[in-house]
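Written out below as structure tokens is the structure these notes cover.
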Amino acid sequence: MALFPYGHATHPQWQMAAGLVLAQLRAQLVLPGHANHPTLGLLYITDHYASQAREILDHLSAELPEVTDWSGTVGVGIAASNVEYFDEPALAVMLCAVPPDQYRVFSGVAPLTSTFTPHTALVHADAGTPDVAELIAEMADRTATGYLFGGLASSRSDVVQFAVGGNGNLQGHGKASGVFRGGLSGVAFGEGVQIVSRVTQGCQPIGAARRITGADGNLVVELDGKPALDVLLDDLEITLQQPQEAMAVLRATLVGLTQATEDVVHRTGHFGTDVVVRHIIGLDPRRRGVAIADKVDEGMGLAFCRRDVETARMDLVRICSEIREELEPEELPLALATMLAAPDPVSGPAATAPIAGAVYVSCSGRGGPHFGGPSAELQIVRRALGDVPLVGFFAGGEIARSHLYGYTGVLTVFR
């Protein structure tokens, strides 16, 4: 699979940003080792452009008539290789050279048909859709692997999604509309499209993993037969007799949940992939319970955790390293090995690299500020993964496997 052309730009006028992106794409389309006949485009815009979403898609569609299929959404921030665009008008595009018979664009108005069997899917969703978590789980059940990746659109204005499906067979669609609101959309991929995906939680477990032995709605009453509030105070080494100090610690504490206790914390000390992180939203001194931002049931596994910059940085580097290890052969050409070993790659992506392109969906509460500076999160990805084509967005919730996560990053690469 050849390298996927991609481009990104910011400008107060979307026409200027689109022109800059198109110039980048056209320059790469004629480069050796890059895909020169892609039919699938991924488009992400910041919410500054949300009201012009249809005009942007129409313009890109007309300028790139060979791209017959489009998918994407809006975010309060968007991502590209080594850069994040927060609180500024920007757009990013990646053109994917995937065999037309190995993908289908879907949406609420054009759902997948039974004639196509998806193995994985990139999913964009509207957080305002009723029972969105259940819809995501149902979509995962429709795939052969049960694996989805993507996120919930995030916007301070209009919440839009892009979905245009020509199945790679139609040369251009001119002014065809592909902008809609609500529900789920995305791209389902067939067995021939190989991806590697990882989730970074960015949280450090505090204390041991425990089993919920008493629950009432979103209130955890007992953990391993002990009052949940007492367990929390012991793990955090705080007391309610010193409320100011206790509140400062509690605000930085979250809860990792999973269906089985043994899946909560790996032996390496990080959360397993089935763990979802939720806020602590209150304490119940009378029942000695801990209220969290999700429904809980007896038998679930739970571990208290804390987010901080260093933990998030280390976990992000870890998933990038796992992806590289899975993709790299035992022997590499000297040029490629030198590029990957560089502490800060500065050259363009190599056509011999094992990654054709990548999609990164991160929580809108993460990004550069959480990692210590502007674009810091995507700079970590580039240093750890190499200089590969990458686009993505900062979401209101992240999708991986059949779960809806929070405060995470989902990195997916195409072999």
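What the table shows:
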read-out	value
Per residue, the convex hull volume that the Cα atoms of the stretch 5-126 enclose (Å³)	121
Those Cys residues of the chain for which no other cysteine Cβ falls under 4.7 Å	C96, C320, C363
R287 paired with R383, simple spin-label distance in nm, labels 7 Å along Cα-to-beta-carbon	4.6
Two-decimal Rg to Rh for the chain - Kirkwood Rh, Cα set	0.99
Distance in nm between pseudo-label sites at A133 and A252 (7 Å out along the Cβ direction from Cα)	2.7
Under the Debye formula (equal points on every Cα, no solvent term), log10 I(q)/I(0) of the stretch 34-97 at q = 0.29 Å⁻¹	-1.23
Per-bin percent of Cα-Cα distances, the stretch 88-143 [10 Å]	17, 45, 30, 7, 0
Accessible-area ranking of H37, H124, H48, H370, largest first, probe 1.4 Å	H37, H48, H370, H124
Cβ-derived FRET efficiency at R0 22 Å, R181 paired with E55, nearest 0.05	0.85
Label zone at M16 (point 7 Å along Cα-to-Cβ), backbone N below 15 Å, the stretch 57-93	88-91
Cα→Cβ-extended label distance, 7 Å offset, between E237 and R142, nm	5.0
Mean Cα-pair separation over length for the chain, i.e. relative contact order, pairs under 8 Å, 6 or more apart, %	21
The stretch 202-250, accessible surface, carbon-and-sulfur percent (1.4 angstrom probe)	45
Extension gain from A62 to T213, taking 0.36 nm per residue of separation minus the Cα-Cα distance	48.5 nm
Förster radius 30 Å - calculated FRET efficiency between Q194 and A23, Cβ distance, rounded to 0.05	0.45
Residue-normalised accessible area of the chain, given per residue in Å² at a 1.4 Å probe	40
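The values are calculated or read from the model by the stated rules, or taken from the named source; none is laboratory data. Being a predicted model, the structure only gives us computed values, none of them experimental. Ideal geometry is used to build each Cβ from the backbone, glycine not excepted, and the neighbour counts take in all protein chains shown. We work out accessible area using only protein heavy atoms, side chains counted, and drop any ligands, DNA or RNA first. Shrake-Rupley method; radii C 1.70, N 1.55, O 1.52, S 1.80 Å.
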